[in-house]
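Here the structure comes first, spelled out in structure tokens, and everything after it is commentary.
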Amino acid sequence: MTLPAASPIVRLVLAYDGSGFHGWQVQPRGVRTVQGEITARLNRLIGFDGIPAGAGRTDAGVHARGQVSTFPVADEAAVKRVARALPRMLPEDIALREVSSEPPGFHARFSARGRRYSYRILRQPDPLRRHDHLIHPGDLDVERMREALPGLLGRHDCTSFCRKASVDPDRMECEIHQAGLESTGPTLVFTIAADRFVHSMVRTVVGTLLEIGQHRRPADAFPRILAARDRAAGGQTAPAQGLSLDHVEYDGERGPNLLAPGQSLACDV
């Protein structure tokens with residue numbers, strides 16, 4: 001199905017439990033992915049025969065509270081049909097939070113201005129939370145971990161936090177706007193926001209932060225690790241299950257008109 005360049009773009013905001021997926025992106029060996037599940041439903045619903053774009057290629061086991069996906073449709077009637085029917089077609093581990101009609105050229109990944117991730121750590125055993133938290137019952141110096149976070153802020157070459165096999169020397173710079181650590185009882189929530197992220201960056205930052213909390217690295221470790229531009233300088237990569245893509249930022253504000261470009265359409269759930 002070939003659509004004209006001026007076709008409206010549908011934007012989906014999705015939440016999903018990544019435990020049952022081999023990541024976001026469709027893979028050639030036919031394993032279950034979030035993108036694959038969305039693609040199959042859109043094909044049945046509106047005859048869409050492409051692959052919807054995603055704002056972030058979350059790895060196997062990684063969750064989302066605000067993943068964004070986009071794809072073109074023939075007209076605004078198709079946008080309404082997606083909003084009305086798609087929520088009921090999705091499996092129980094994917095939820096559609098929002099549907100928008102966007103102007104031609106809007107793209108989930110390339111139009112994004114920033115992303116925010118969170119990582120959840122539970123400092124006591126709890127089998128009920130093992131799929132969405134890192135269970136870490138050992139001692140952690142939380143104040144020392146907080147002391148380390150300013151060393152992440154700013155624009156850096158993030159090679160030291162990138163999986164070695166995926167290093168692209170021309171795309172290693174990231175502007176980190178926010179790095180925070182909240183503590184509520186036994187639960188720690190690390191939040192990080194940046195204009196972009198390199199592969200496995202958040203999980204490697206968390207692994208390094210845990211080593212700081214265990215007094216295995218100094219509190220001022222991050223600047224030296226970043227300056228090294230060497231993955232061997234960073235800490236271990238934290239497990240996938242604690243990580244969630246929470247929000248993707250785009251230019252502009254939303255207004256009240258239901259289906260004007262950039263406007264939100266409530267889902268029929």
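Only the coordinates and a few stated rules stand behind these numbers; no lab work does. Remember, it's a predicted structure, so these values are computed and weren't measured experimentally. Glycine also receives a Cβ, built like all others from the backbone with ideal geometry; neighbour counts cover every protein chain displayed.
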**Message:** Can you sort TYR117, TYR250 from fewest to most other Cβ atoms within 10 Å of each residue's own Cβ?
**Reply:** TYR250, TYR117
**Message:** Here are a few candidate values for Kirkwood radius over Cα pairs in Å: (i) 20.5; (ii) 19.6; (iii) 18.3. Which one was actually calculated from the structure I just gave you?
**Reply:** (ii)
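Test of understanding: given the chain, find the longest segment containing no GluC sites (Glu not before Pro) that are in a DSSP loop and have at most 11 other Cβ atoms within 10 Å. Show your work: numbers first, answer last.
Details: sites that count: GLU92, GLU253.
With a cap of 11 other Cβ atoms within 10 Å, the longest stretch comes to 93-252.
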**Prompt:** Label-point separation (nm) for MET89 and ALA77, each offset 7 Å from Cα along Cα-to-Cβ?
**Reply:** 1.6
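Given only helices, namely DSSP H runs of n ≥ 4 each adding -39500 (n - 2.57), what is the per-residue ellipticity at 222 nm of the chain, to the nearest 500 deg cm²/dmol? List each step's numbers first, then the result.
Working: 5 runs with 55 residues, N = 269.
Computed ellipticity for the chain at 222 nm equals -6000 deg cm²/dmol.
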**Asked** For the chain, with the dipole built from +1 on Lys and Arg beta-carbon atoms and -1 on Asp and Glu ones, taken about the Cα centre, which of VAL248, SER101, GLY61 lies farthest toward the positive end?
**Response** GLY61
**Request:** Any chance you could tell me what percent of the C-alpha pair distances in the stretch 114-246 go past 21 Å?
**Result:** 35
**Prompt:** Got a sec to turn the phi values of the stretch 90-99 into Karplus ³J(HN,Hα) couplings, 6.51 cos²θ - 1.76 cosθ + 1.60 with θ = phi - 60°, whole Hz, x for Gly and Pro?
**Reply:** 7, x, 5, 9, 10, 10, 9, 8, 7, 10
**Prompt:** Given Cα pairs under 8 Å that are at least 6 residues apart, what percent is the relative contact order of the chain?
**Reply:** 25
**Complete:** Taking Cα atoms, the helix 76-89 axis meets the longest principal axis of the chain at an angle in degrees (rounded to 10) of 60
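If you put +1 on each Lys and Arg Cβ and -1 on each Asp and Glu Cβ, how big is the dipole of the chain around its Cα centre, in Debye rounded to 20?
Numbers: 34 positive and 31 negative charges, 99 e Å.
That gives the chain a dipole magnitude of about 480 debye.
What's the Kirkwood radius of the stretch 9-111 in Å, using all Cα pairs? Walk me through the numbers on the way to the answer.
Values: mean 1/r = 0.0740 Å⁻¹.
Computed over the stretch 9-111, the radius equals 13.5 Å.
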**Fill in**
Magnitude of the Cβ-charge dipole (Lys and Arg +1, Asp and Glu -1) of the stretch 114-246 about the Cα centre, nearest 20 debye, reported as 300
**Prompt:** Any idea what angle helix 201-213 forms with the longest principal axis of the chain, computed on alpha-carbon atoms, 0 to 90 degrees, nearest 10?
**Reply:** 30
**Crossing angle, helix 34-46 versus the chain [Cα axis fit, 0-90 degrees, rounded to tens]** = 10
**Asked** Given Cα pairs under 8 Å that are at least 6 residues apart, what percent is the relative contact order of the stretch 149-223?
**Response** 33
**Prompt:** What list do you get for SER19, SER101 if you sort them by fewest beta carbons within 10 Å?
**Reply:** SER19, SER101
